[in-house]
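First comes the structure, then the notes that go with it.
The values are calculated or read from the model by the stated rules, or taken from the named source; none is laboratory data. The structure displayed is predicted, hence computed values, not measured ones. All Cβ positions, even for glycine, are placed from backbone atoms using ideal geometry, and neighbour counts span all protein chains on display.
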Amino acid sequence: MTVSDLASAEWRKSSRSGATNDCVELVVGRSGAAVRDSKNAEYGHLAFADIEWSTFVDAVKGDLLAAR
């Protein structure tokens with residue numbers, strides 16, 4: 001995820017986010033994804049390359065399936 005990808009990005013919050021804005025925001029681009037704290041968006045973000053993001057999502061899905 002490049003800075004130019006984020007320049008016009010539309011960050012989105014979880015539908016489970018409370019009214020107090022206490023969650024993370026996500027943007028998925030052509031080359032990866034980025035996350036930031038919705039309460040402190042001005043502090044920056046963490047960016048992940050496509051393969052890193054895919055690995056993370058697959059791991060979370062695997063843990064969720066195993067917990068059922």
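Some notes on this structure:
- Listed by first and then second residue, the pairs linking a residue in the stretch 20-32 that is at pLDDT below 80 to a residue that is of a type in the set (S, T, N, Q) and not in a strand (DSSP E or B), with Cβ atoms under 6 Å apart and 6 or more places separating them unless they lie on different chains, are ASN21/SER38.
- Any hit, the stretch 41-48, residues being touching a Phe, Trp or Tyr at 6+ places or on another chain (Cβ under 8 Å) and either loosely packed, with under 12 Cβ neighbours inside 10 Å or free of Cβ contacts under 8 Å to residues at least 24 places away in the same chain (or both): no
- Here THR55 clears all of (1) assigned to a loop (DSSP other than H, G, I, E, B); (2) at pLDDT 75 or above except the condition numbered (1).
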